[in-house]
Amino acid sequence: MSSRRFYIDRGVGESRGAITLGGRPERLILVREGLPAVQALGARVAARVRSVDRTLAIAFLDLGEGPDAVLNLAAGVGPIVEGGWVEVEIKSEARGGKGGSARWLGPTSGPARLLAAGPSLEDRIGALAKGAPIVEGPPARSAADLAQEEALQTVFPLRGGGSIAVETTRALVAVDVDVGAAKGDGAKRAVWEANLAALSEAARVLRLKGLGGLVVIDLAGRGQDGPPLLAAARAAFAPDNPGVALGPVSRFGTLELTIPRRSRATLEILTDGSSTVTLALALLRALEREAAADGGARLEAIAAPAIAAAARPFLSRLADRFGARLDIRAEDGCDSYEVMRR
């Protein structure tokens, strides 16, 4: 098995955890400042019961910040009354405009507040590393940058030819396998090898993007040998995705599986708000990189107004390290950013 390496990149406004497998990005964990701690996976929260739906056996909880969480009224939960106060643990994070889910711990008193933070970035990477070294500094910055760049891609080449495309909808994640230009006597074998490579690559890419829920893989070719492909899919997905469930290969050549969703998808964080925050944080990293490389240069980042506005509150943090030689200027007509010497 290829070895994994673990990295933590600490930046202004955001820290990133990256994991590589065989030198390729496999996971990217983002921790951004300003996001409500009460919404984070594993957080313990005092929440107010906003409403109860006895028909569906669920309650909606006001966490104090962000969307309401859903509490399933299973056996052992309660009593739950509207307006009451409960202590819960966040079991899955909010995503796609939908609230997360919570686990009941017991009754409590108001107001709505954070009782205990969820696992830190160090805790999360450490749990995956299981004692392996965790690298910080410039190598971690490079690893996180590469992982972020790849997480935003849609098409991924396969070893031996062909590619997969990974796209999301409101209902599911679609993975399309393209075998490429294989023809002739070797075409059947090329299709088989492409499907095997696609399953392994799809597992890696979904972990990198943090995607889960219903996944439909449209395999290449027709008349696939279903049981061996299902065994290959189980080997690719099950070890690193606890709780994954796989269905058989259908007569239409598709394989369906479900991956439990607990954390908000990395891809959603990167693309939320038309990527404004993601670009603002990249601007700050670029300023930091240039300032560290040239200790005397006066630097100015020219950026789209929305990006400049998102980045400017963090500028003082860089000034504490590099002095008052950095600036950010908004410019109409600019759709990204550029760092220049003044």
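The values are calculated or read from the model by the stated rules, or taken from the named source; none is laboratory data. Values in this document were obtained by computation on a predicted structure and should not be read as measured data. All Cβ positions, even for glycine, are placed from backbone atoms using ideal geometry, and neighbour counts span all protein chains on display. Remember, those area values only see protein heavy atoms, side chains included, never the ligands or the DNA or RNA. Shrake-Rupley method; radii C 1.70, N 1.55, O 1.52, S 1.80 Å.
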Q | Heavy-atom accessible surface of the chain: percent carbon and sulfur, 1.4 Å | A | 53 percent
Q: Using +1 at the Cβ of each Lys and Arg and -1 at the Cβ of each Asp and Glu in the chain, identify which of Leu230, Ala174, Gly64 lies farthest towards the dipole's positive end.
A: Leu230
Q | Debye, to nearest 20: dipole size of the chain, +1 on Lys, Arg Cβ, -1 on Asp, Glu Cβ | A | 640 debye
(Q) Which residue fluctuates most in the GNM of the chain (Cα springs below 10 Å): Arg113, Arg189, Arg16? (A) Arg189
Q | Unit charges at the beta carbon, dipole of the chain: most positive-side option, Leu318, Gly247, Ile269 | A | Gly247
**Q.** For the chain, calculated [θ]222 nm from helices alone, where every DSSP H run of n ≥ 4 adds -39500 (n - 2.57)
**A.** -9000 deg cm²/dmol
Q. Rank Lys209, Lys130 by accessible area, highest first, at a 1.4 Å probe radius?
A. Lys130, Lys209
**Q.** 3J(HN,Hα) from dihedral phi, the stretch 201-212, Karplus parametrisation 6.51/-1.76/1.60, rounded to Hz, x for glycine, proline
**A.** 5, 4, 4, 5, 5, 5, 5, 5, 7, x, 8, x
Q: Take each of the peptides 234-243, 87-96, average the number of other beta-carbon atoms within 10 Å over its residues, and list them starting from the highest.
A: 87-96, 234-243
Q. Between the stretch 94-121 and the stretch 222-291, what's the alpha-carbon centroid distance in Å?
A. 25 Å
Q. What does the charge count near Leu279 come to, summing +1 for each Lys or Arg and -1 for each Asp or Glu among other residues with Cβ under 11 Å from its Cβ?
A. 0
Q) Assuming R0 = 41 Å, what is the FRET efficiency of Arg10 and Glu300, from their Cβ-Cβ distance, to the nearest 0.05? A) 0.95
**Q.** Segment Glu136-Gln153, length gained on full extension (0.36 nm per residue, minus Cα span)
**A.** 3.6 nm
Q) When the label point is put 7 Å from the Cα of Arg342 along its Cα-to-beta-carbon vector, which residues of the stretch 290-312 have a backbone N closer than 12 Å? A) 297-302
Q) Remind me, relative contact order of the chain in percent, using alpha carbon pairs under 8 angstrom and six or more residues apart? A) 14 percent
Q) Taking a 1.4 Å probe, which of Asp145, Asp320, Asp272, Asp68 shows the most accessible area, and what order do the others take after it? A) Asp320, Asp272, Asp145, Asp68
Q. To the nearest 0.05, how large is the calculated FRET efficiency for Asn72 and Ala324 if R₀ is 56 Å and r is the Cβ-Cβ distance?
A. 0.55
Q) How much solvent-accessible surface does Asp178 expose, in Å² to the nearest 10, with a 1.4 Å probe and all protein chains in place? A) 80 Å²
Q) If contacts are Cα pairs under 8 angstrom and at least 6 residues apart, what is the relative contact order of the stretch 244-338 in percent? A) 25 percent
Q. If Lys and Arg each add +1 and Asp and Glu each add -1, what is the summed charge of the other residues whose beta carbon sits under 13 Å from the beta carbon of Pro260?
A. +3
Q: Quick one: give the max-minus-min coordinate of the C-alpha atoms of the chain along each principal axis, largest first, in Å.
A: 67, 61, 44
Q. Where the Cα atoms of the stretch 263-308 are projected onto their three principal axes, how long is each span, largest first, in whole Å?
A. 41, 24, 8
Q: Report, please, the projected area of the stretch 128-250 averaged over directions, based on the convex hull of its C-alpha atoms, in nm².
A: 9.2 nm²
Q | Beta bridge orientation in the chain: antiparallel %, DSSP, nearest 5 | A | 85 percent
Q. How are the Cα pair distances of the stretch 1-123 distributed, in percent, across 10 Å bins from 0?
A. 13, 38, 25, 16, 8, 0
